[in-house]
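The values are calculated or read from the model by the stated rules, or taken from the named source; none is laboratory data. Computed from a prediction, not measured in an experiment: that's the story for all the values here. Note that we place each Cβ from the backbone using ideal geometry, even for glycine, and neighbour counts take in every protein chain shown.
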Amino acid sequence: MLKELLNLLTSDNNVQDLPSLLMKELVDLFEPDLARYYVRENNSNFKRQELYSREPIVDTKSKRKFKIRPDSRGAIGEAVRTRQIVRITDTQQAQNDGCYDPIDERISNEIVVPIFARHLLGKELRVIAVLILSKFRGNEFTEKENQLVDFVSSIINAIYKNAFEHEQKEKRIEFFRAVTSDLGSTTMDEMFQRFLASLSKVIPTKFVSLWLYNNLDDHLVIRSFHPQRVNRKTVTFDSLDSKVLDCKTSLSGEIIRSKKAHIFTKSDLSDKFSNPQFAKRFGLEWFVCVPIVDNDGNPLGIINLWPNLPVAKSEPELENAISAYVSPLASGIRLSTLLFEEDVLFSIDQFFDRLFDFVDQRSFWDKLASEVKDQMKCEACSIFFSEGDGLLHLKGSTGIIGDPDYRSVIYKPNEGLTGRAFTTMSPIVYYSEMRKQFAGTHISKFRENIVGKSKSIILTQIFDGQRNPIGVIRCNNKEETPARHVGRFTNEDVLSLQKISQIISTAHSRVMWFKKKEQERERNLNSLHHEILSPIDGILSHINWMEYHFAKRRLPSEWDMDRLKLKFSDIKQNVRLVDMVVASMGKMDENVPLSLSALQLPKLIDVCIAFLWNEASRKRVEIQHDFLGVPRIVGDELQLMRVFYNLLRNAVKYSDPNEIRKFVRIRGSIDRQDRVVISVSDNGIGVLPEDEDRIFQMFERGTNAAKYFPEGSGLGLAYCRSIMDKHGGTLSLEANRIRKVTTFHLNFGVDSLSYEKSPIHR
Amino acid sequence: MKKVLYIDDEADTLKMASVFEVIGEEGIELLPVSRIGDVHIVINENHHEIGLVVLDIIIPPEEFYGLDETNGGTTTGLRLLKDIREVLPKVPIIIVSVRRMNVATDEIDRYEISEFIEKPVETMQLLQVIKQHLLIA
């Protein structure tokens, strides 16, 4: 019989088949009165899987007790804790000691054999099942049997180790195959299902949800979840507290930003956690949040996974194991671009991109009008948009009463029904019997024929993000249906048209936003390109000029030499700009440490002024400076030079061409807190109040600056501010609009005050 | 020979002086304009003498055009083109700009742009193109 047990060790058996095979062998070997096999569930209880009884069990109370046993109490509890065989020789005594919970009064002695294995997620051995052999009074285990149990236990555990590890390995391979296989043209939902199927075999999960990321408004929207029932309660979309998560204020949003999988345990579920009621109701305690990232590293969404494992808070190892497991999952989900094209909703960006292409085409608006016509079940629909000229232009039209000649259909706001609808917030409803009442005031003569053909008309506004009207949708004549009143719109129709207008308005404002961003990008690129190319262009023109002269064998004059020298300062400026662009791409030199030394600021500023002297004299800008009593400070010479150069160059560059006496003033002083302050003032074109904060952001330029000097990278001030931040100082703007003076204050922090007080000096 | 209207915000700088000097020595008379407000004045004064327009795209719109219609001044030249075409419908126009992408193909067709030169510009290349178009005109 032992031999057969040993045969099990070498044969390939599934873990599922093992209990019944083992039980058979053990019953033959030990001849117990009662034998039970319990499997440990994830929620840490033991559930009976196999039962052998020599005599039938009649007590219904005991029957129930047989089924589920806790893992923390009694003999099983001890076996779980010690992973040793537990022998109870005197059940009566053990019961008195409180370490035995009897299930049958006849049992006199019992042996609990723990079966343990290494779960693929954890490093430690865990008891996954127990075998309990019981004997009734008068049929005690013999000494020989007791010894045999030890031996049998080790064989059983070896069998399990083999089978279990083999199975885990298979699962693991299958899982990786599933998440890394070529997804081809499968849709997002199919992929999610496939992923879930393989995942559930590896990590037992209670609940998994998929959220998609919309980068336009920085929100996550739930797309699907699995399963539909959790802890015997039905899950619907309504069960969730929030179906849309703001990435700024949610835990999942943090993952979108960090792009790294993270485990949120009970202690993490702060006020940022968006679904507390949901988690409470379905008994979900901790979750793993996995980002889905495309091949370019852009976040596409997240998967929230609620594992069905003992609470991870006390088991950091398990946590580590899961996150190690989950990160290949994140990178393993390779979403081909093909997938996006098929799944429009998933790629909101591309959807709007496409809309953006169409937005100026008449066919798009005609199509939209016919869509609205179908939805509203009406005879005609027209969509009008205001094009900034104070008139309403027909963009798209459909149906028999729609105007085919687009050019002629122009409405004035507040004139006729359409114009009226443009200026009124609430929708307008017209029935043919009101014609007399409306005629003249609300129905323009021009449109009499359209109104004449209509039994009823409804019109509503289309608005932009600030709820300002931008257009009108008009529907004429409800399609006649036998059951309804012939050809008239009802209140329900008005409501649905309002909903449609809401959708069009949202889509339109998004498209406009997108268009604006696109324009901004183009503008920045153009001006940056221009900034870099302009000096090169100048240099080239001089080389060409020299070539031309040399070809005619003329010698350059002194004035020509001066021109050449000027070009060298152009080159220097260009190099500086390239420097700045590169730095801005590398996040503004954040990682470059400061190379500190004691600096005399007046000297640095003098060098910068020398660089700018030519440009200033050409523009007739007077540069004045005053640095009385400014002590030496500790800072990075090169980086601070850049700050001064940028500010001074801006002051010279943005001088007002209409100003008679143009000046740039640099003042160095010490404020009341003993801090060094350098101020650069000018009476140039100035900064508008609404631009004051914006100009310090990357790629942002002031309105005035753009008006007079379209070329400019919009990087200079952002760069200066970042350098000042690194020095523990500040860069601020003060605009005196009455005296027309703009001042930039460089305030150096207390610590870098003077050389004498600095740590370097000590 | 007819004159060349050269519109570039840097037309009054030393950089352009080198270019203009070479073009001038080749016997071509230039009308350099650096500020957008002066374009109409110069065109009015020399309406019948202008045989060619060379136009930069990135020009400060100043008070004459809005920042929206010129995309922050980076397409001022295209906006100006529309106005120039109204008064000089037949004159060949050469665009000089940093990126060809700035000008959409339909705009090239609509305003009948004769040539597009990308910066940085070789003076001799510019000279050749100017001569070519002036002769045709």
Test result for B:Leu5, under 12 Å from B:Ile84 (Cβ atoms) and assigned to a strand (DSSP E or B):
yes
For residues that are in contact with a strand residue (DSSP E or B) (Cβ under 8 Å, 6 or more places away or on another chain) and of a type in the set (Val, Ile, Thr), tally how many sit in segment A:244-275.
4
Please state which one of A:Asn704, A:Asn658 is within 14 Å of chain B (Cβ to nearest Cβ), over 29 Å from A:Gln519 (Cα atoms) and surrounded by fewer than 21 Cβ atoms within 10 Å (Cβ to Cβ).
A:Asn658
Check segment A:684-694 and report whether any residue there is away from every other protein chain (no Cβ under 14 Å) and either closer than 26 Å to B:Thr13 by Cα or crowded, with 17+ Cβ neighbours inside 10 Å (or both).
yes
What's the total number of residues in segment A:376-415 that are modelled with pLDDT of 80 or more and either hydroxyl-bearing (Ser, Thr, Tyr) or within 41 Å of the chain's Cα centre (by Cα) (or both)?
16
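Considering only segment B:35-45, state which residues are of a type outside the set (A, V, I, L, M, F, W, C) and at pLDDT 90 or above. Spell out the reasoning first.
Pass one, segment B:35-45, residues of a type outside the set (A, V, I, L, M, F, W, C): B:35, B:37-38, B:40, B:44-45.
Within segment B:35-45, B:Asp38, B:His40, B:Asn44, B:Glu45 qualify.
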Condition check: modelled with pLDDT of 85 or more and either crowded, with 22+ Cβ neighbours inside 10 Å or closer than 30 Å to A:Pro631 by Cβ (or both). Does A:Leu746 satisfy that?
yes
Would you mind telling me which numbered condition in (1) hydrophobic (A, V, I, L, M, F, W, C); (2) away from chain B (no Cβ under 11 Å); (3) under 16 Å from A:Arg649 (Cα atoms) A:Phe709 fails?
(2)
The correct count of residues that are more than 12 Å from A:Leu497 (Cα to Cα) and assigned to a strand (DSSP E or B) in segment A:369-382 is 3
Might you check whether a residue that is facing chain A (nearest Cβ under 9 Å), under 19 Å from B:Ile93 (Cα atoms) and touching a residue at least 24 places away in the same chain (Cβ under 8 Å) occurs anywhere in segment B:50-57?
yes
Only one of (1) buried (at least 20 other Cβ atoms within 10 Å of the Cβ); (2) under 57 Å from the mean Cα position of the chain (by Cα) does not apply to A:Ser134, and that is (2)
Hits in segment A:372-390 (condition: in contact with a helix residue (DSSP H, G or I) (Cβ under 9 Å, 6 or more places away or on another chain) and of a type outside the set (Phe, Trp, Tyr))
A:Val372, A:Gln375, A:Met376, A:Lys377, A:Cys378, A:Glu379, A:Ala380, A:Cys381, A:Ser382, A:Ile383, A:Ser386
In segment A:137-159, what count of residues is obtained for those that are outside any helix (DSSP H, G or I) and crowded, with 18+ Cβ neighbours inside 10 Å?
1
When segment A:40-66 is examined, which residues are found to be surrounded by fewer than 17 Cβ atoms within 10 Å (Cβ to Cβ) and either part of a helix (DSSP H, G or I) or at pLDDT 85 or above (or both)?
A:Thr60, A:Lys61, A:Ser62, A:Lys63, A:Arg64, A:Lys65
Scanning segment A:696-749 residue by residue, those among the polar types (S, T, N, Q), without any contact (Cβ under 8 Å) to a residue 24 or more places away in the chain and in a loop (DSSP other than H, G, I, E, B) turn out to be A:Gln697
Out of A:Lys135, A:Lys201, A:Lys161, which single residue is in contact with an Asp or Glu (Cβ under 8 Å, 6 or more places away or on another chain) and modelled with pLDDT of 75 or more?
A:Lys135
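If you take the residues in segment B:17-29 that are facing chain A (nearest Cβ under 7 Å) and within 17 Å of B:Val96 (Cβ to Cβ), which one is surrounded by the fewest Cβ atoms within 10 Å (Cβ to Cβ)?
That would be B:Val22.
Any idea which of A:Gly487, A:Gly538 is modelled with pLDDT under 80 and more than 11 Å from every other protein chain (Cβ to nearest Cβ)?
A:Gly487
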Determine, yes or no, whether A:Asp589 is at positive phi, at pLDDT below 70, surrounded by 14 or more Cβ atoms within 10 Å (Cβ to Cβ) and more than 10 Å from chain B (Cβ to nearest Cβ).
yes
Here are the criteria: (1) surrounded by 17 or more Cβ atoms within 10 Å (Cβ to Cβ); (2) at pLDDT below 85; (3) more than 12 Å from every other protein chain (Cβ to nearest Cβ). Tell me which single one B:Met1 does not satisfy.
(1)
So which of A:Ser454, A:Ser426 is within 23 Å of A:Gly396 (Cβ to Cβ), out of contact with any helix residue (DSSP H, G or I) (no Cβ under 6 Å at 6 or more places or on another chain), part of a loop (DSSP other than H, G, I, E, B) and modelled with pLDDT of 70 or more?
A:Ser454
Here are some residues: A:His262, A:His219, A:His226. Which one is surrounded by 13 or more Cβ atoms within 10 Å (Cβ to Cβ) and in contact (Cβ under 8 Å) with a residue 40 or more places away in the chain?
A:His262
Which condition does B:Tyr6 not pass, out of (1) more than 8 Å from every other protein chain (Cβ to nearest Cβ); (2) touching a Phe, Trp or Tyr at 6+ places or on another chain (Cβ under 6 Å); (3) surrounded by 20 or more Cβ atoms within 10 Å (Cβ to Cβ), if it passes all the others?
(2)
Can A:Glu659 be described as closer than 22 Å to A:Leu733 by Cα, acidic (Asp, Glu) and assigned to a loop (DSSP other than H, G, I, E, B)?
yes
So, B:Gly66, is that one facing another protein chain (nearest Cβ under 10 Å) and either over 15 Å from the mean Cα position of the chain (by Cα) or more than 22 Å from A:Leu540 (Cβ to Cβ) (or both) or not?
yes
